[in-house]
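The values are calculated or read from the model by the stated rules, or taken from the named source; none is laboratory data. Since the structure is predicted, the reported quantities are computational estimates derived from the model, not experimental observations. When we count neighbours, we look across all protein chains shown, and the Cβ atoms used for this are built from the backbone with ideal geometry, even at glycine.
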Amino acid sequence: MKKKVILGLVLSALLVYLSVRGIQFQGVMEAIKAVRSAYLFPALFMLLLMQVFRSFRWGLILRPIARLEPLPLFSVTSVGFLAIIAIPARLGELARPYLIRQRCGVPMSSALGTVFVERVFDCLTVLMIAALAVFFTELPPWLIRSSVLLLVITMGVFVCMVLLIVKREASLAVLKPLIGKLPPRYGTAVHRLIHHFIQGFGMVVDPALLASVAGLSLLTWLVYVLSIYMTSLAFGFHLPFSASVVLMIILIIGIAIPTAPGFVGSWHYACILGLGLFGIPKTEALSFAILFHFLSIGIVIALGLIFLPFNRFSLSDIRQETTP
């Protein structure tokens, strides 16, 4: 864990350096001061709406193993996303499963399985939106190749999830020889964890839930694209809507890398890289990155702090829960 944190901090420092190298900071401040605030309020509303959609979607994914009322679910979701941005190296991903474990008593590994399903749907949705963007804007070859490769991998993972939940016992039988090589104490624990983890995939074999989650995933990411577009209008960038889709894809790839808390460095460098494809100068792109980062992270922090008193946890609690 310490090595991951140190590596994340070092990588963030490098990306911050690459982001600010050659920048005239006076130009950055002037660009931010010239922002048309009328566009920022819709952008902020879209970011809030995205969190609401995420919460409701996760509730649907959880439904086969646990049911929460909308407000407690939104509370846990808000604190969970706060943990993701506050704890380095994406270790905060464990916060939501831990909190669901405390509230509903479901195995933490099952709740973690639902988060895995959520990430798979996120990836599939973003890549499908990217596929549509190809018809409206020219994408760099490296982005097309990466997207196609990631789509193939994600589709493979989705098929595996369906097979694991439909043929659970057969799947566990395949893994049994490997688990059997572990000491009895750990072998039993690993078998139980895998069994519970697969249990979190239950939603993918329910056609009604599958359709609902797919629709909400599309709506969630289209709302996010719209927030990017509104922020670009605030800066006076005359870019097509498809440019916001491209920026979203590059931004998601960038923040997927385990870095410092708040995606500092990776977020900014990804924005500079994405906007640079459409001819936006580095100074203006960094200004956009700083403000959009402030809005996006700010809404997550605000919501998380509101609900944190009702969902307290610590890394030591999570570590104890995940120890066999």
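A few comments on the model shown:
- Single residue of Phe81, Phe121 found to be of a type in the set (Phe, Trp, Tyr), assigned to a helix (DSSP H, G or I), closer than 20 Å to Pro309 by Cα and at pLDDT 80 or above: Phe81
- Meets criteria (modelled with pLDDT under 90 and closer than 16 Å to Trp221 by Cβ) for Ile129: yes
- Pairs with Cβ under 6 Å, 6+ apart, first in region 8-23 and farther than 24 Å from Ile280 by Cβ, second in a helix (DSSP H, G or I): Gly8/Pro88; Gly8/Ala89
- Of the residues making up region 251-267, one or more are in contact with a Ser or Thr (Cβ under 7 Å, 6 or more places away or on another chain), polar (S, T, N, Q), over 30 Å from Lys167 (Cα atoms) and surrounded by 23 or more Cβ atoms within 10 Å (Cβ to Cβ).
- Count of region 95-147 residues which are farther than 20 Å from Pro72 by Cβ, out of contact with any His (no Cβ under 8 Å at 6 or more places or on another chain) and polar (S, T, N, Q): 4
- Region 9-63 - residue that is modelled with pLDDT of 95 or more and polar (S, T, N, Q) and, of those, surrounded by the fewest Cβ atoms within 10 Å (Cβ to Cβ): Gln51
- Remark: pairs (first residue in region 186-199, closer than 11 Å to Leu172 by Cβ; second residue modelled with pLDDT under 75 and surrounded by fewer than 18 Cβ atoms within 10 Å (Cβ to Cβ); Cβ separation under 6 Å; 6+ apart in sequence or on different chains) = Val190/Ile179; His191/Ile179.
- The residues in region 49-73 that are part of a helix (DSSP H, G or I), touching a residue at least 40 places away in the same chain (Cβ under 8 Å) and in contact with a Leu (Cβ under 8 Å, 6 or more places away or on another chain) can be counted, and the count is 8.
- For first residues located in region 134-146 and among the hydroxyl-bearing types (Ser, Thr, Tyr), partners that are surrounded by 12 or more Cβ atoms within 10 Å (Cβ to Cβ) and lie 6+ apart or on another chain with Cβ distances below 8 Å form the pairs Thr137/Pro240; Thr137/Ser242; Thr137/Ala243; Thr137/Val245; Thr137/Val246; Ser146/Ile253.
- In this structure, Gly262 does not satisfy being modelled with pLDDT of 90 or more and at positive phi.
- Checking Thr259 against (1) assigned to a helix (DSSP H, G or I); (2) in contact (Cβ under 8 Å) with a residue 40 or more places away in the chain, the condition it does not meet: (1)
- Top-ranked residue in region 268-324 [being surrounded by fewer than 13 Cβ atoms within 10 Å (Cβ to Cβ) and not in a helix (DSSP H, G or I); ranked as modelled with the lowest pLDDT]: Pro324
- For the residues Val162, Val174, Val190, Val166, the requirement of being within 23 Å of the chain's Cα centre (by Cα) and not aromatic (Phe, Trp, Tyr) singles out Val162.
- Test: residue in region 229-245 that is touching a Pro at 6+ places or on another chain (Cβ under 7 Å) and at pLDDT 80 or above: yes
- Filter result for Phe201 (surrounded by 15 or more Cβ atoms within 10 Å (Cβ to Cβ), closer than 30 Å to Tyr39 by Cα and either out of contact with any Lys or Arg (no Cβ under 6 Å at 6 or more places or on another chain) or of a type outside the set (Asp, Glu) (or both)): no
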